Amino acid sequence: MKKVILLPFCFLFIFCSNQMKLNKAKDINITLEEVPLKLNTGKVINYLINNNTNNTYIIDPYGFYGVSYVLENGKIIEPTSYYRGGYYNRFDDNDCKRDLVIIEPKTSISIPLSLDRNNRSIYNYSKNNYYINVIKSFHNKYNATILGCDRYINNLEKKGYKVLEDSIVAKIPLVP
């Protein structure tokens, strides 16, 4: 009898949940708070990051690099154009303190992230079609220091902080 009661509650949680875990690691959870992702709302997209450990982590919000593409009705579509991004660099520790996210043990934070810094694609969406954003990217110390902050991160590591070593593998439903 207990198994029969528990099963409907499990299904209720699965189907009513509108969040999606995006990363592979278990120590840190990166969650998209609203799924499907509604486009053209003008709102900043925030991701919930939970640190489930006793370690303090360093995350570069622009430190995920990989490959991304969009599926339209199950088929890969080509971008209509690409946006140009200027060259961004962090010149000193103040820039690093401002940009890098430090997540303390057993805490959560909601922040905007670039899930794939390489993705500069612009797509045209139709309300009549179904879209999925496929993202495969990773974050590590090398990626976290591409824009600067080598010395700053090394100093934090000497204090026991850890740079997030993780990957994003996600298929995010999109609503135009």
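The values are calculated or read from the model by the stated rules, or taken from the named source; none is laboratory data. Just so it is clear, the model here is predicted, and its values are computed rather than measured. When we count neighbours, we look across all protein chains shown, and the Cβ atoms used for this are built from the backbone with ideal geometry, even at glycine. Just the protein is used for accessible areas: all its heavy atoms, side chains included, with ligands, DNA and RNA removed. Shrake-Rupley method; radii C 1.70, N 1.55, O 1.52, S 1.80 Å.
Points worth noting:
- Here is the list for the range 81-176: trypsin sites (Lys or Arg not before Pro) lying in DSSP coil, each with at most 16 other C-beta atoms within 10 angstrom of its C-beta, are 84, 106, 120, 127, 159.
- Average accessible surface for the chain: 62 Å² per residue, computed with a 1.4 Å probe over protein heavy atoms with every protein chain in place.
- Residue among 30, 173, 161 farthest towards the positive dipole end of the chain, charges placed on Cβ: 173
- Kirkwood hydrodynamic radius of the range 18-167, from inverse mean 1/r over distinct Cα pairs, in Å: 16.7
- GNM result for the chain, Cα springs below 10 Å: residue of 56, 80, 31 fluctuating most strongly: 80
- Of all accessible heavy-atom area on the chain, the percent that carbon and sulfur account for (1.4 Å): 55
- Helical runs assigned H by DSSP (4 residues or longer) give the chain a calculated mean residue ellipticity at 222 nm of -5500 deg cm²/dmol, each run adding -39500 (n - 2.57) before division by the residue total.
- Proximal lysines to residue 43, defined as alpha-carbon separation beneath 28 angstrom and excluding residues fewer than eight positions away on the same chain: 21, 24, 75, 97, 106, 127, 136, 171
- When the charge dipole of the range 9-154 is built from unit charges on Cβ atoms (+1 for Lys and Arg, -1 for Asp and Glu) and taken about the Cα centre, the candidate among 20, 115, 51 whose Cα reaches farthest toward its positive end is 20.
- This model, with +1 at the C-beta of Lys and Arg and -1 at the C-beta of Asp and Glu, gives the range 65-145 a dipole about its Cα centre of some 140 debye.
- Within the chain: Cβ-based charge dipole about Cα centre, in debye rounded to nearest 20 (Lys, Arg +1; Asp, Glu -1): 420
- Relative packing of 44-51, 143-150, which averages over residues the other C-beta atoms within 10 Å, highest first: 143-150, 44-51
- Distance between the modelled labels on residue 159 and residue 104, one decimal in nanometres: 1.2 nm (7 Å Cα→Cβ projection).
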